[in-house]
Amino acid sequence: MQMNPILNNFLFRPFFERLNFTATDAEEDQRRRLLVLFMRLSLIPFLIFSFADLVSGNYLELAIEFSAGLWVFFCLIKSNTKGSIEWIYITITAAVGALFLYFAVDGGIQGTKIYFSFTFPVFTFFLLGTKKGVRWNIIFFLCLLLILSNPGGRFSLFAYPREGAFRFLVVYILITLLNYIYEKVRSRTQAFLRHEKDKLKAAHKAMESTNALLLKSTAEATSLAEEARLANQSKSEFLANMSHEIRTPMNGVVGMTNLLMGTDLTTDQLSYTETIQNSSESLLEIINDILDYSKIEAGKFNLDCMAFDLRLTVEKVGDLLSFKAHEKGLEFVIVIHHEVPSLLRGDPGRLRQILINLAGNAIKFTSTGEVAIRISLETEAAEQAALRFGVTDTGIGIPENRKDRLFKSFSQVDGSTTRKYGGTGLGLMISKKLSELMGGRIGVESTEGRGSEFWFTAVFEKQQVSREKPVAIPRHIRGKKILVVDDNDTNRLSLKEQLESWACRYHGAADVEQAMTELTAAAAHRNAFDIVILDMNLPDAEGDVFGEKVKQNPDLCGTILVHMSAVGVRGNAKHLEKIGFSAYLTKPIKQSQLYDCLVMVTDRKTETAPKAPDSIVTKHTISENRKRDVRILLVEDNIVNQKVAESFVNKFGYNTDIANNGREALKALAEHTYNLVLMDCQMPEMDGYDATGEIRNPTSNVLNHNVPVIAMTAHAMKGDREKCMKAGMDDYLTKPVDPKALSDMLKKWLSPL
């Protein structure tokens, strides 16, 4: 037989599991728990008393007690009913009150049963609350008063002493009041706690709602940011692809225009072609800026790391920009402090890009005066060097309130700048990014109307195996007294740095009057100047006039004259040679060219034989003379390839020796010092890889272990270049050798000629 689940819940399940009520709040749940506990405990005496009355034959009391027990049991089952059970509370209260009154009647004031009445206020106030509890306690008190007063002797079972009854009633009133106050405080406290709990729940719910909105907003913002990133990346990739697509036909336009200008054209045709060339070069410059900008935006902007000579790199920048500067009548000067190391590792192409950008802007925004590139050493360590590059000008300057617009994308000082000077406004932003990638920073110092200095720093690795040899200063130069005549302070400073590094005695003059005074005074004291380096475009006289005066003066005619000019004019060399000038150079003068020039003119003066009619030293004669001093070793086992390569190298003006294999190459390198080696890779007896390893071996008999070795091989598959570099070679050419590629390679690894 299956037992009722409610009956099973309240009789046989453990106590802590049974007392769970559905659809009740915390206070109601607690009230029902205590009521259930009370009813369970009350069933025990009912059973005991019923059994005792049954045994003793008190059937009336047995019926009353058994009926009361059944009612309590019924109420116990119904206590788990959903909703209100006030009828249970009231009937239980009535039953308890009747029981306590029965105890009072039965026990009397002298017994103990009447004292159970003191628990009635506690029971009623907790079970029914303050309002109903007061009513029930008043009724109960009146019943007790009636019993204790025993009016008319109706309750004659016991005689109640008035004093004891009075005390009992007073104590009952006090207990009732205390329970009333306690229940009032408890109910208010519970109400306050419920209110605060509701507020906390509302706040928690609001917080959860806010958190949900925040999470939703964050998700939306993240989604929008990702969409923006993807859109920006797509835009940048599109710009990069389009720039590449545009560059291909543009290179064709520029190249074909250059070829066209080399043909016979009429004056109008030449003018039109020059316009096409200038416009296409400007457009290509803009495309290059957009390409670099798109690479930066797409995160694909990387730097190369290769060995390079800083001074040669900067001199190439001077070659590119000097003509534009001189066209505007500007002095263009490059000053490199003698402490700056030359042989570095980094990205020379990007370094040139920054310098061309900054110096090009300086030339663009300068009408009169000078533009100078100054390079100094910031810090130096065993493996790195931090350099500072400054580009100064005497141009229009930048207003203080407009400096914040620099180094931003598509931004210039003001709108009129774009209309007047052109440009995309990307150059400075790209330069800023490049300097940061090089481990440096960029900035500007400027005063409106007085010029500007754009500067940046960069960190480079120093070449671990230095190929930089100390310059052996010929005795013809050492200690020579040299006067530099130039009205530009920066030019004089640049030449001073170079001359003093070669142990020359430097003197400077700002004009021909001061120069003549210096020359005559020195000659009078039998300490004449050996060489005068003269700028042609002096403000108070022409250089050739000054040269004629010097050569016509018997005390000064032995002085060597070196002429400098901003822009060369065809026929100048012959004219200056007739006057008596020994050399004619165009600015900016490279350090190597000036050195070779001084060596050649001083060496010629010591010769006893008369000089040739066309012996004036120019850039061309310096280049040819240096080429004659260059010695190249060609290592090749194939006779035909030997003849082809040798004819190319000789055509370029260099001297060539030939070795048939690696062993012969090592023998030649142990007997002579070469400037460069062209190395075949596959040869009998010893191939190019092993030969290069022996060249780099410091214990071998090779005189110069750092000589540049250029691979010249028919292996052009992927990985062959890396194999050559790993063997110790410096560069790589594939066969059949293209003459232009070979010429460019020789120019790259030999000193600029």
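The values are calculated or read from the model by the stated rules, or taken from the named source; none is laboratory data. Note that this is a predicted model, so its numbers are computed, not measured. Here Cβ is always computed from backbone atoms with ideal geometry, including for glycine, and neighbour counts include all displayed protein chains. Areas reflect the complete protein model, heavy atoms only, side chains present, ligands, DNA and RNA absent. Shrake-Rupley method; radii C 1.70, N 1.55, O 1.52, S 1.80 Å.
One table, with the values for the structure above:
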| read-out | value |
| --- | --- |
| Equivalent ellipsoid semi-axes, segment 629-753, via Cα gyration tensor eigenvalues times 5, rooted, Å | 19, 17, 14 |
| Efficiency of FRET between residue 670 and residue 230 - r from beta-carbon atoms, R0 56 angstrom, step 0.05 | 0.35 |
| Peptides 438-446, 548-556 ordered by average Cβ neighbours within 10 Å, highest first | 438-446, 548-556 |
| Residues residue 215 and residue 174, FRET efficiency given R0 of 35 Å [Cβ-Cβ distance, rounded to 0.05] | 0.05 |
| Packing-based ranking, highest mean first, of 322-334, 183-195, 380-392 given that Cβ atoms within 10 Å are counted | 322-334, 380-392, 183-195 |
| Surface accessible to a 1.4 Å probe, per residue, for the residues of segment 297-371, Å² | 41 Å² |
| Protection proxy ranking of 207-219, 513-525, 722-734 - average other beta-carbon atoms within 10 Å, highest first | 722-734, 513-525, 207-219 |
| Potential lengthening between residue 436 and residue 575 on full extension [0.36 nm per residue; Cα-Cα distance subtracted] | 45.0 nm |
| Contour minus Cα-Cα distance for residue 497 and residue 367 (0.36 nm per residue) | 44.1 nm |
| Added length on full extension, which subtracts the Cα-Cα distance from 0.36 nm per residue, residue 381 to residue 191 | 60.6 nm |
